[in-house]
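J.: This is the structure I have questions about; it appears just below.
The values are calculated or read from the model by the stated rules, or taken from the named source; none is laboratory data. Note that this is a predicted model, so its numbers are computed, not measured. Glycine gets a Cβ as well: all are built from the backbone with ideal geometry, and neighbour counts include every protein chain shown. To get the accessible areas, we keep the full protein, side chains included, count just its heavy atoms, and leave off ligands, DNA and RNA. Shrake-Rupley method; radii C 1.70, N 1.55, O 1.52, S 1.80 Å.
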Amino acid sequence: MSPRSASVNEELRRRSRERLLQAAVELVDERGFEATTLGDIADRAGSARGLVSYYFPGKRQLVQSAVHRLMHRTLEEALEREPRTEDGRERLARAIDAILGLARERPVLMRQHMAGLLHEEGFVQCPEQRRLSELLGDTVARCGSMDDTTGYPMLRALLMGAVYAALVPGVPMPIPVLRAELFERYGLDGALGVPPGSGTDGDGCGRGDLSRFFATDEQRTDQQTDQQTGERTAERASGRPDERGD
């Protein structure tokens, strides 16, 4: 048997890292941060325990990276869902709804995440966190807000405050009230976006399978191809013409 190529080895390493991120999100969502060990995460991911420390210096860094991955992929999915739009106000509404939707659908996970951010280590600077900040920064810029008082730093602070307010044990603020306040702050019509809990397509990441948020680019391409093939098969079975012309 010939040895694996460097590109194959790199893809396998990426997939191992993605499995660890997904396992971390699932377990902390189920059990909380303190009740989840690195060994638990490795076992759920089907990885050797030593592999966790190869990719991440500790549990807090792993969990923060995992939640930032879930957040940025959820946000990305909300921004790119059909009908696609370049309208800055609609995109900002979708972004706000996506983050509030995570607080609604995964309160344990997001509460643990917020608590972790108050730890002395603060934000973990990782590719997942940078991608999240890029997406939010681009979104608020498209809406015409560029300076520190109305741009990305303020949007980040307001979203963090809203998530915190929604998740305070015993005295949570209703998410619709928080949404209305954020929409008023940015001058957004309430009909924009997809309100969390509306049951509409694109409403948050839900409680189902999270694998699509933790796939490598190669795996995501395969998933998209499978989805497109399934859609075309369904169209043909229903007798509707395939508008893509193949």
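J.: Under a crude label model (7 Å from the Cα following the beta-carbon direction), how far is GLN61 from ASP43 in nanometres?
T.: 2.5 nm
J.: Only Cα pairs under 8 Å and at least 6 apart count here; give the relative contact order of the stretch 1-116 as a rounded whole percent. Provide the component values of the computation, followed by the final result.
T.: Details: 84 pairs, mean separation 34.2, N = 116.
Across the stretch 1-116, relative contact order equals 30 percent.
J.: Moving on to the next point. How large is ³J(HN,Hα), in whole Hz, for each residue of the stretch 22-33 in order, when computed from phi with the Karplus curve 6.51 cos²θ - 1.76 cosθ + 1.60 and θ = phi - 60°, using x for Gly and Pro?
T.: Calculated HN-Hα couplings, in order: 5, 4, 4, 4, 4, 6, 5, 5, 7, 10, x, 5 Hz.
J.: Modelling each spin label as a point 7 Å along the Cα-to-Cβ direction, I'd like the GLU10/GLU184 distance in nm, to one decimal.
T.: 5.1 nm
J.: What is the Å³ per residue value for the convex hull set by the Cα atoms of the stretch 96-191? Show your work: numbers first, answer last.
T.: Numbers: hull volume 10.5 nm³, N = 96.
Enclosed volume per residue, from the Cα hull, is 110 Å³.
J.: What translational diffusion coefficient, in µm²/s and rounded to a whole number, does the Stokes-Einstein relation yield for the stretch 12-114 at 37 °C and a viscosity of 0.692 mPa s, taking the hydrodynamic radius as the Kirkwood radius over Cα pairs? Present the calculation step by step, with values, prior to reporting the outcome.
T.: On the way: Rh = 14.6 Å.
Result for D is 226 µm²/s.
J.: Shifting gears a bit: Under a point spin-label approximation (7 Å from Cα along Cα-to-Cβ), what is the PHE123-MET154 distance to one decimal in nm?
T.: Going by the 7 Å Cα→Cβ label model, 1.7 nm.
J.: First measure r as the distance between the Cβ atoms of ARG130 and GLU34, then evaluate 1/(1 + (r/R0)^6) with R0 = 30 Å and state the FRET efficiency to the nearest 0.05. Before the final figure, lay out the partial values.
T.: Details: r = 27 Å, r/R0 = 0.91.
After rounding, the FRET efficiency stands at 0.65.
J.: Hey, what's the stretch 54-111 come to in accessible area per residue, 1.4 Å probe, Å²? Spell out each step's value before the answer.
T.: Numbers: 2000 Å² over 58 residues.
About 35 Å² of surface per residue is accessible.
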